[in-house]
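The values are calculated or read from the model by the stated rules, or taken from the named source; none is laboratory data. Bear in mind the structure is a predicted one, so any value in this text is a computation, not a measurement. Cβ atoms come from the backbone with ideal geometry, glycine included; neighbour counts cover every protein chain shown.
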Amino acid sequence: MSSKPWASKLSTTSRPSSSSSSTRPKLTSDSNHVPKTHGSLGLLVIGLGGANGTTMLGGILANRRKLNWFGPRGEGPIAANYNGCITQLNQRGVHGGVGYMDKVPGLADANYAAVGGWDIRKTQLGDAL
């Protein structure tokens, strides 16, 4: 077996160029492909450095790191949670409430999200947070 698991999925095709021996990989379709992770999520955010983008990213980071803090009047400790994010909450109450996490099988966990994006402003994302 090849040390590169994707090697069986690639074929090489000749590319016309000055060098007759140059080849490039070409991805072929594979109906049996199974992703390496289950529930992966990638987010591309236009305006990532703005109010909504930094709030979303700050919430994801706080939940990943299980942060706790005290409120401005000393209340707390307050633990990071996804309250208000209906895709990350379980259903509650007699009629189910608004949560979807336990209702939709395979729904991605935001803690594992890969976040990328851009903003019109030149402010570094760390400074915008």
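Run down G53, G126 and say which single residue is touching an Asp or Glu at 6+ places or on another chain (Cβ under 9 Å) and modelled with pLDDT of 75 or more. Don't jump to the end; show me each part of the working.
Numbers: G126 fails: touching an Asp or Glu at 6+ places or on another chain (Cβ under 9 Å).
G53 is the lone residue from the list that is touching an Asp or Glu at 6+ places or on another chain (Cβ under 9 Å) and modelled with pLDDT of 75 or more.
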Please go through region 70-129 and give me each residue that is in contact with a strand residue (DSSP E or B) (Cβ under 6 Å, 6 or more places away or on another chain), closer than 25 Å to I46 by Cβ and aliphatic (A, V, I, L, M), ordered by number.
A108, A113, A114, V115
Considering region 64-104 alone, what residues qualify as being part of a strand (DSSP E or B) and either farther than 29 Å from A114 by Cβ or of a type outside the set (S, T, N, Q) (or both)?
W69, I78, A79
Being at pLDDT 80 or above, loosely packed, with under 13 Cβ neighbours inside 10 Å and more than 28 Å from I120 (Cα to Cα), is that true of even one residue in region 87-103?
no
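Can you name every residue in region 27-50 that is part of a strand (DSSP E or B) and modelled with pLDDT of 65 or more? Outline the logic, then answer.
The first filter runs over region 27-50 and keeps only residues part of a strand (DSSP E or B), leaving 27, 41-46.
Across region 27-50, the qualifying residues are L41, G42, L43, L44, V45, I46.
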